[in-house]
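What follows is a single structure, written as structure tokens, with notes after it.
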Amino acid sequence: MAACIFCKIVKGEIPSFKLFESDKVLAFLDIQPLSKGHALVIPKQHGEKLVDIGDDALAEILPVVKKLAAASGAENYNVLQNNGRLAHQEVGHVHFHMIPKPNATEGLG
Ligand code: 5GP
Ligand code: ZN
């Protein structure tokens, strides 16, 4: 979709810090991270809500989340998908947040 910001990221028309890419899925850092390593995993094909996305692309998302967590060393993290405006979805292209929790020892001492 021409006006969609995440479609523009997929096409390289807007810069992003890419973390993973396959035929169906792209992962990149969130521009306003809630914690260090906050990533977004999206199907490359445009769709606003989960119901608009094929099961084949959706099936790739959680394995990518696991890979990102392993690569970044995140042991504790939240996976979040806001599905629809009333559920606080701001960007109308399906995306899953992977939000690492800092390790309990970080920032102590
Ligand atoms: P939502 O509330 O829709 O689940 O979250 C949208 C997320 O997309 C937000 O965390 C926001 O920071 C992120 N975001 C919005 N625009 C851009 C952008 O142009 N680049 C990147 N990397 N992230 C974006
Ligand atoms: Zn899109």
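Sorting 24, 11 from the fewest to the most surrounding beta carbons within 10 angstrom yields 11, 24. In the frame of its principal axes, the chain has Cα extents of 49, 30, 27 Å, reported largest first. Within the same chain, aspartates and glutamates fewer than 8 places from residue 66 are excluded, and of the rest, those with a Cα less than 20 Å from its Cα are 21, 23, 30, 55, 56, 75.
Based only on other Cβ atoms within 10 Å, what is the fewest-to-most ordering of 61, 14, 5?
Details: 61 22, 14 12, 5 16.
Lowest to highest Cβ neighbour count: 14, 5, 61.
In the structure shown, do any of 11/44; 11/67; 8/67; 18/67; 18/44 have a Cα-Cα gap over 19 Å, and if so which? Before the final figure, lay out each step's value.
Details: 11/44 9 Å; 11/67 23 Å; 8/67 24 Å; 18/67 14 Å; 18/44 13 Å.
Going by Cα-Cα distance, 11/67; 8/67 fall outside the 19 Å limit.
Please rank 34, 26, 86, fewest neighbouring Cβ atoms within 10 Å first, as an exposure proxy. Could you put the intermediate results ahead of the total?
Values: 34 13, 26 20, 86 7.
Lowest count first: 86, 34, 26.
Laboratory data are not the source of any read-out in this text; all were calculated from the coordinates shown. Please read all numbers here as calculations on a predicted model, not as lab measurements. Heads up, the Cβs are rebuilt from the backbone with ideal geometry, glycines too, and the neighbour counts pull from every protein chain shown.
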